[in-house]
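What follows is a set of notes on a single structure, which appears directly below.
The values are calculated or read from the model by the stated rules, or taken from the named source; none is laboratory data. Nothing here was measured: the structure is a model prediction, and the numbers come from that model. Cβ coordinates were reconstructed from backbone atoms using ideal geometry, including for glycine residues, and neighbour counts include every protein chain displayed. Quick note on the areas: whole protein, heavy atoms, side chains included, nothing else; ligands and nucleic acids left out. Shrake-Rupley method; radii C 1.70, N 1.55, O 1.52, S 1.80 Å.
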Amino acid sequence: FGPDPIEYRIERGLIDYNEEMAIMIQEVVGKKVGKYFLPGFAGVAFSQNNYRWSGRLKQEDGLIRLVPGLGTRAVDRLSDDYPVLIAPGQPNLRANVSADEIIKYSPKNIDLIDTEERCFKTIKISDLLEEYGNEYPAVNHIVSMISGNYLQSIRRIGNDFKTNSFAVTFNSLINDTDFIKQIKSTMSVLEHEFDFPVDIEFAHDGEKLHLLQCRKQSHSKIRKPAEIPVDIQEDRILF
């Protein structure tokens, strides 16, 4: 009875058909970190990149929107925070290049489950790291230490999260692991089976990559240039 589902059904000629609801229960990927439960990182990936920040990127290079913790902040576009953008076809061609830009546009908040209050919660990443940084799964692949005007890699354990500053960069994940290769091969197989570009949702518990969802990528209107209409009356032309 919600307005969005009704509008969806009207657009597709389904309003006169009986609509039944299904409920899917899915296990949350992650690990216990102090009183919280969360994956190390999660995100969405697209076979076709319709947001290209460089002329060197091609549409088939794809796009990954990556965030620490639950992937809700990668799926939903938010005005108060940023995901890390990666083109799996050219992972080293980053949207932000300078250390200042990387820090400014890095994720600042994280979604997780508070197991004591038994609720979904958003907190500052800096607060989580300060309290539980060395318990965080694969933290060395996710954050970099801010040292003056540059960013440096950190150790897997034994980092001083209380006195140093850190930024979510995923630099080590991209440069030192097979993550990008995994995402590219996963999308390649799925795109072949679907015979269509796909988008996927995934989560990583610090040890394994979990595929959560896959569907055809909605971009049919973008794939071909718009047709410029002809014989338009002058008073109907804007520019």
- Query: How do the pairs read when you match residues in region 181-210 that are free of Cβ contacts under 8 Å to residues at least 24 places away in the same chain with residues anywhere that are open to solvent by 30 Å² or more (accessible area, probe 1.4 Å), using Cβ under 7 Å and keeping only pairs 6 or more apart or on different chains?
  - Reply: Phe194/Lys216; Phe196/Lys216
- Message: For region 172-185, which positions are surrounded by fewer than 21 Cβ atoms within 10 Å (Cβ to Cβ) and within 15 Å of Ala138 (Cα to Cα)?
- Response: Ser172, Ile174, Asn175, Asp176, Thr177, Asp178
- Message: Of everything in region 141-199, what is basic (Lys, Arg) and either closer than 21 Å to Pro88 by Cβ or touching a Ser or Thr at 6+ places or on another chain (Cβ under 9 Å) (or both)? Give them in sequence order.
- Response: Lys181, Lys184
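For the subset of region 125-149 comprising residues that are under 14 Å from Asn109 (Cα atoms) and not in a strand (DSSP E or B), which member is farthest from the chain's Cα centre (by Cα)? Before you say what the answer is, go through the steps one by one.
Of region 125-149, the ones under 14 Å from Asn109 (Cα atoms) are 125-130, 142-143.
Filter once more, so that each one left must be not in a strand (DSSP E or B): 125-130, 142.
Working: Ile125: 16, Ser126: 19, Asp127: 21, Leu128: 20, Leu129: 20, Glu130: 24, Ile142: 13 Å.
Of everything passing the filter in region 125-149, Glu130 is farthest from the chain's Cα centre (by Cα).
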- Message: Test of understanding: among Thr122, Thr115, Thr72, which residue is polar (S, T, N, Q), over 21 Å from the mean Cα position of the chain (by Cα), open to solvent by 40 Å² or more (accessible area, probe 1.4 Å) and under 25 Å from Asp205 (Cα atoms)?
- Response: Thr115
- Would you mention how many residues in region 87-112 are charged (D, E, K, R) and buried (at least 17 other Cβ atoms within 10 Å of the Cβ)? 2
- If you go through region 162-169 one residue at a time, do you hit one that is closer than 13 Å to Ile102 by Cα, aromatic (Phe, Trp, Tyr) and open to solvent by 80 Å² or more (accessible area, probe 1.4 Å)? no
- Query: Which of the residues spanning region 115-131 are within 18 Å of Val67 (Cβ to Cβ) and of a type outside the set (A, V, I, L, M)?
  - Reply: Phe120, Lys121, Thr122, Lys124, Ser126, Asp127
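Quick one: which residue in Tyr51, Tyr82 is open to solvent by 30 Å² or more (accessible area, probe 1.4 Å), within 30 Å of Glu135 (Cβ to Cβ) and in a loop (DSSP other than H, G, I, E, B)?
Step by step, each of Tyr51, Tyr82 is checked, and only Tyr82 is open to solvent by 30 Å² or more (accessible area, probe 1.4 Å), within 30 Å of Glu135 (Cβ to Cβ) and in a loop (DSSP other than H, G, I, E, B).
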- Task: Please identify the pairs in which a residue from region 12-27 that is without any contact (Cβ under 8 Å) to a residue 24 or more places away in the chain has its Cβ atom under 6 Å from the Cβ atom of a residue that is surrounded by 10 or more Cβ atoms within 10 Å (Cβ to Cβ), counting only partners at least 6 apart or on another chain.
- Result: Ile15/Arg9
- Message: Quick check on my filter: what residues within region 85-112 are part of a loop (DSSP other than H, G, I, E, B), in contact (Cβ under 8 Å) with a residue 12 or more places away in the chain and within 15 Å of the chain's Cα centre (by Cα)?
- Response: Ala87, Pro88, Pro91, Ala95, Tyr105, Ser106, Pro107, Lys108
